[in-house]
Every structure is written in structure tokens, then in C-alpha cells.
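Participant: Okay, handing you the structure first.
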Amino acid sequence: MSALARKAFKSSIRALEIGVWYGGGSTNIWLENFMPGSDIVLLDAWRPYASSADVARDEFGAANWDYAKMDSLSSEAFMSAFLNVRRFENDADDKNVSLIRGKSSAILPMFRDDSFDFIYIDADHKYDSVKADIVNAKRLVNKKYGIICGDDLEKFPTEELLELARKYKDRDYIKGEYRYHPGVCLAVSEEFESVNMSDGFWWVVCRNGEFLSDDLSLEYLQAD
Ligand SMILES: C[S@@+](CC[C@H](N)C(=O)[O-])C[C@H]1O[C@@H](n2cnc3c(N)ncnc32)[C@H](O)[C@@H]1O
């Protein structure tokens, strides 16, 4: 993620992160790696969002983490994200960071086409949400040159994974032998012909309106 942020952009940019949580993970990577002068918009609903299917206990449900506990931490996460941004501003106030609290479905339509050079999608991973976030991102990304990326695409889509994902659109995660986020897998496969992926982090480059995966490849990012 750091290599992508550094290698893709050599000057200041406009960036959007959808899904911030405590602001201590991906957010720090963007704050540390984008060039001074960049505008970084951090958007999160900071409210409970697990579905009843997420907390269900069956063959595939009840993943390895506690969704109810996660939901109960949303206020703490909001405060922490704010404090993280303030700390960053105290140490290196070289970027303009904005925090927006709201559902992506309500906020993203307020931005104009081509508003951002970089969009990171890591909010609600259930199908309808990821799908809407990607559709919005495709409109909002700079069509001349921009990046759309996101988290939790553990596996490249196969017919079997897509079939299962179509059945479990209300699930964040499918555990057991599959271990993947079905909504991310299905939405990404529907919206992009192909994407790059490393450890679940996925990205595509938009050049002159075309979404490409052979540009900024993993090999290129890993090279010195
Ligand atoms: C997986 S966490 C983000 C993790 C973060 N990127 C990190 O690296 O630590 C998902 C976040 O998405 C937020 N979220 C869930 N549904 C959302 C929605 N509809 N709109 C905006 N944010 C949402 C949650 O509040 C949560 O903070």
C-alpha cells in the first residue's frame, strides 16, 4: 500500500478513504506516504453496521471476530480517528485532512465527477455496499489518471466463489474452507475486468477513462 501511494503519485493529490475505523491502519499509510500539499478526505459512518447474518452461527457465519463487540466500539473508533488526525497535524501539518462522518451512500453522491486522484474502499464489505462504493468511485476518480483500490479481496474470483457470493450477499465474511469476503469478491468482479491484488489489497489504475490492471503491477511496486 505504501509503495503504491509513493510510486503512483510524485506530487500532491486529492485522496479519499472510505472506511477509516480507528484511523490507525490504512489511514496512517496515506498520511505518511502522499506528498505534502495533498488533500485527504476520510469518510466513515462510525456507527454499527453488522447484519444479523454476520453474527449468525452456522456453517459459514460467525467469523473469527466478534461483530457485536466491533459495533459497540464505533464511538471510540470515531474519537480515536479524530485524535490520530490531530496527532498527525501536530507532527507534520503538511496535508489537508478532512473527516466526514456519514454513510458512503449519502455522502459520495455529493462529490463531483473526477474529484479524486486516489480512492481507497474499505467500508461495509457486504455486496450492496461495496458495489455502490465502487460504482461511486468510478464516477469520482480522475479519469485522466487515478487509482481505485480497496481491502479484503483475499482471493481472485472463481465461478465457485462467485456462486457462493451470490447466495450470501448479506454476509461480511465466509469462514471455513473458503475464508473470503463474498461481497468484495462479487462486486470487484462485476465492476472490473481484472485487478491487481496482494494480501487482499486490490487496485486498478484509471488512464484516459480505462480501468487497467497491467499498469502499476505488483512486480513494479516491489522493485526498488
Ligand atoms: C474494515 S473497517 C476500516 C478499517 C480501516 N481502513 C483500517 O485500515 O483500519 C470498516 C469501516 O467502515 C465503516 N463503515 C461501515 N459501513 C459504512 C458505510 N455505509 N459508510 C461509511 N463507512 C462505513 C465502519 O464504521 C468501519 O469503520
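Participant: Return a yes/no flag: does region 79-86 have any residue that is near the ligand (Cβ under 9 Å from one of its atoms), part of a helix (DSSP H, G or I) and exposed (fewer than 15 other Cβ atoms within 10 Å of the Cβ).
Facilitator: Start the filter on region 79-86 by keeping residues that are near the ligand (Cβ under 9 Å from one of its atoms), which leaves 81.
Then drop every residue that is not part of a helix (DSSP H, G or I), which leaves 81.
Remaining after also requiring exposed (fewer than 15 other Cβ atoms within 10 Å of the Cβ): none.
Checking region 79-86: not a single residue is near the ligand (Cβ under 9 Å from one of its atoms), part of a helix (DSSP H, G or I) and exposed (fewer than 15 other Cβ atoms within 10 Å of the Cβ).
Participant: Collect the residues in region 114-137 that are more than 12 Å from the ligand (Cβ to nearest atom) and either touching a strand residue (DSSP E or B) at 6+ places or on another chain (Cβ under 9 Å) or among the polar types (S, T, N, Q) (or both), keeping them in residue-number order.
Facilitator: Once the filter is applied, which keeps residues that are more than 12 Å from the ligand (Cβ to nearest atom) and either touching a strand residue (DSSP E or B) at 6+ places or on another chain (Cβ under 9 Å) or among the polar types (S, T, N, Q) (or both), region 114-137 yields Asp114, Ser115, Phe116, Asp117, Phe118, Ile119, Ile134, Ala137.
Participant: I've got another one for you. (1) surrounded by fewer than 22 Cβ atoms within 10 Å (Cβ to Cβ); (2) under 21 Å from Lys126 (Cβ atoms); (3) in contact (Cβ under 8 Å) with a residue 40 or more places away in the chain: which one isn't true of Leu216, the others all being true?
Facilitator: Against the list (1) surrounded by fewer than 22 Cβ atoms within 10 Å (Cβ to Cβ); (2) under 21 Å from Lys126 (Cβ atoms); (3) in contact (Cβ under 8 Å) with a residue 40 or more places away in the chain, Leu216 comes up short only on (2).
Participant: If we keep just the residues of region 93-106 that are free of Cβ contacts under 8 Å to residues at least 60 places away in the same chain and touching an Asp or Glu at 6+ places or on another chain (Cβ under 9 Å), which is surrounded by the fewest Cβ atoms within 10 Å (Cβ to Cβ)?
Facilitator: If we filter region 93-106 for residues that are free of Cβ contacts under 8 Å to residues at least 60 places away in the same chain, which is where we start, we get 93-94, 96, 98, 100-103, 105-106.
So of that shortlist, the ones also touching an Asp or Glu at 6+ places or on another chain (Cβ under 9 Å) come out as 96, 98, 100-103, 105.
Values: Asn96: 13, Ser98: 11, Ile100: 16, Arg101: 15, Gly102: 14, Lys103: 16, Ser105: 15.
In this case the residue turns out to be Ser98.
Participant: Tell me, which residue of region 1-33 that is within 16 Å of the ligand (Cβ to nearest atom) and β-branched (Val, Ile, Thr) is surrounded by the fewest Cβ atoms within 10 Å (Cβ to Cβ)? First the steps, then the outcome.
Facilitator: From region 1-33, those within 16 Å of the ligand (Cβ to nearest atom) are 1-2, 4-5, 15-33; that's our starting set.
Applying the additional criterion that residues be β-branched (Val, Ile, Thr) yields 18, 20, 27, 29.
Working: Ile18: 26, Val20: 27, Thr27: 25, Ile29: 16.
Ranking the candidates gives Ile29 first.
Participant: Counting only residues that are touching a helix residue (DSSP H, G or I) at 6+ places or on another chain (Cβ under 6 Å) and charged (D, E, K, R), which one in region 33-56 is modelled with the highest pLDDT?
Facilitator: For region 33-56, the residue satisfying everything is Arg47.
The values are calculated or read from the model by the stated rules, or taken from the named source; none is laboratory data. Bear in mind the structure is a predicted one, so any value in this text is a computation, not a measurement. No Cβ is skipped: glycine too gets one built from the backbone with ideal geometry, and neighbour counts run over all protein chains shown.
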